[in-house]
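Worksheet: the structure to be examined is printed underneath.
The values are calculated or read from the model by the stated rules, or taken from the named source; none is laboratory data. Just so you know, these numbers come straight off a predicted model, no measurement behind them. Cβ coordinates were reconstructed from backbone atoms using ideal geometry, including for glycine residues, and neighbour counts include every protein chain displayed.
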Amino acid sequence: MARQSSSYPILCASFNQDNSGFAISTKDGFKIFDSNTGRLCYERAVGAFIIVEMLYSSSLLAIVGAGEQPSLSPRRLCLFNTTTSAPLREMTFLTSILAVRLNRKRLVVVLQEKTYIYDSNSLEILDTVDTVPNLKGLCAFSPSLDGCFLALPASTIKGSVLVYNVMELQSHCEIDAHRSPLAAITLSSNGTYIATASEQGTIIRVHLVSEATQSYSFRRGRYPSTIFSLSFAPSLQLPDILAATSSSGSVHIFSLGFATNQSRCKRSSSFLGSILPDSVNDALDPADHHVLHAAVSAGVRSYAVVRKVDKIADASSSEFSSCSRAVVSLITYNGYFQEYTFSINNKNESSWSLDREFNLLTFVSDSAKSS
């Protein structure tokens, strides 16, 4: 989540690969927080950055300047050590860096028309992927080494996605997800699912990556809205829920229940489902959809992740265990962190409670308070 409008005090926000920490940047510098405690772990006030990416909870950061001063060029990627507060390595590119993703084996650098794949340890370049013009730097990355995929836009006129296997260094598939160009994409942490939204923002689709087949189609709303973020819940197997934020100011939760998926697969494979166009299929496919209205003022950019999900078995049913409670963390680009508990019972009734909220811009570290 970078390259945002300068009208926001927060220039970029990103959670690490397991959502245990997050980073923000402003015109003055960047800050690293612990998601579980809200503790400010590190801050550096040296100027504006458009990209700050963490490697889990390690001391390694990938940072890119906003170009407001010569030493912070948007064409220069710096691998930075927070323990020593010193750069480890710098890499300069011909054009501005639009996105960076990394795990313990791979480093991905996204430019407007090229994406570079590096070995994270040696920084040897492994492959170069030519892409369609990607002005927003849209990309998604699944950090799991067993299902390590990178997703990039494959068209500028429709919502097609290129899914690339970063470990095997080859294209995996191309998915035609929407009629309109993409606005948001995300991969589940294990690389099982990919979710997409187009510039229309009314339909969110989820595909099974291994087979490039559509598994879910959710209607977010009937009126167009800009989708700011998509995020799957963490899971070692199948993700339970998908969270989305949009310019309407609402947070949306979509359930990805196994039993629901079975019924959808049966319907989509029926004769009627096979001959109906997508737009009609979407209308016939009701979403297990829960909304927190007005979480953010309309139009304010926001970024939500599902940090944790607790499940309980429904004793009255032989179906798959249902999601009972989820922790949803939200960063707003006007400077706030919010954390909600989302709960749902076996009657599909949901509730939201705000557990934490604090101002990211005025937050002071414990060491600063004691001094």
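The table below gives the values:
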| read-out | value |
| --- | --- |
| Candidate set from the stretch 136-147 (those that are out of contact with any Ser or Thr (no Cβ under 6 Å at 6 or more places or on another chain), among the hydrophobic types (A, V, I, L, M, F, W, C) and at pLDDT 95 or above); member that is surrounded by the most Cβ atoms within 10 Å (Cβ to Cβ) | Phe141 |
| Residue in the stretch 119-137 that is in contact with a strand residue (DSSP E or B) (Cβ under 9 Å, 6 or more places away or on another chain) and at positive phi present | yes |
| Strands (runs of 3 or more DSSP E) fully within the stretch 174-224 counting 2 or more residues that are under 16 Å from Pro239 (Cβ atoms) and within 17 Å of the chain's Cα centre (by Cα) | 182-187, 193-198, 203-208 |
| Tally of residues being touching a strand residue (DSSP E or B) at 6+ places or on another chain (Cβ under 9 Å) and without any contact (Cβ under 8 Å) to a residue 12 or more places away in the chain across the stretch 37-57 | 0 |
| Residue list for the stretch 21-37, filter: under 21 Å from the mean Cα position of the chain (by Cα) and surrounded by 15 or more Cβ atoms within 10 Å (Cβ to Cβ) | Gly21, Phe22, Ala23, Ile24, Ser25, Thr26, Phe30, Lys31, Ile32, Phe33, Ser35 |
| Selected residue (only one of Leu102, Leu60, Leu72 is over 21 Å from the mean Cα position of the chain (by Cα), surrounded by 16 or more Cβ atoms within 10 Å (Cβ to Cβ), within 19 Å of Ser25 (Cα to Cα) and without any contact (Cβ under 8 Å) to a residue 60 or more places away in the chain) | Leu72 |
| Residue check, Val109 surrounded by 13 or more Cβ atoms within 10 Å (Cβ to Cβ) and outside any strand (DSSP E or B) | no |
| Within the stretch 300-338, considering residues that are surrounded by fewer than 18 Cβ atoms within 10 Å (Cβ to Cβ), among the charged types (D, E, K, R) and not in a loop (DSSP other than H, G, I, E, B), the one modelled with the lowest pLDDT | Lys311 |
| Within the stretch 127-157, tally of residues that are more than 12 Å from Val110 (Cα to Cα), in contact with a Phe, Trp or Tyr (Cβ under 6 Å, 6 or more places away or on another chain) and in a strand (DSSP E or B) | 0 |
| Residue within the stretch 136-148 that is among the charged types (D, E, K, R) and in contact (Cβ under 8 Å) with a residue 60 or more places away in the chain present | yes |
| Top-ranked residue of the stretch 79-99 - restricted to ones that are buried (at least 19 other Cβ atoms within 10 Å of the Cβ) and of a type outside the set (Val, Ile, Thr), ranked as farthest from Ile32 (Cα to Cα) | Leu98 |
| Pairs where the first residue, in the stretch 238-266, is surrounded by fewer than 20 Cβ atoms within 10 Å (Cβ to Cβ) and the second is modelled with pLDDT of 70 or more and of a type in the set (Lys, Arg), C-beta under 7 Å, 6+ apart | none |
| The stretch 186-230: number of residues that are hydroxyl-bearing (Ser, Thr, Tyr) and more than 22 Å from Asn16 (Cβ to Cβ) | 11 |
| Selected residue (criterion: farthest from Leu107 (Cα to Cα)) from residues of the stretch 158-173 that are assigned to a loop (DSSP other than H, G, I, E, B) and touching a Lys or Arg at 6+ places or on another chain (Cβ under 9 Å) | Lys158 |
| Residue among Leu77, Leu88, Leu94 that alone is assigned to a strand (DSSP E or B) and closer than 25 Å to Pro133 by Cα | Leu77 |
| Residue tally, condition under 18 Å from Asp18 (Cβ atoms) and basic (Lys, Arg), over the stretch 39-55 | 1 |
| The stretch 148-168: number of residues that are small (Gly, Ala, Ser), touching a Pro at 6+ places or on another chain (Cβ under 8 Å) and surrounded by fewer than 22 Cβ atoms within 10 Å (Cβ to Cβ) | 2 |
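For (1) in contact with a Phe, Trp or Tyr (Cβ under 7 Å, 6 or more places away or on another chain); (2) surrounded by fewer than 18 Cβ atoms within 10 Å (Cβ to Cβ); (3) in contact (Cβ under 8 Å) with a residue 12 or more places away in the chain, each residue gets a yes or a no:
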residue	(1), (2), (3)
Gln170	no, yes, no
Leu182	no, no, yes
Ile194	no, no, yes
Ala197	no, no, yes
Leu208	yes, yes, yes
Glu211	no, yes, no
Gln214	no, no, yes
Ser217	no, no, yes
Pro224	no, yes, yes
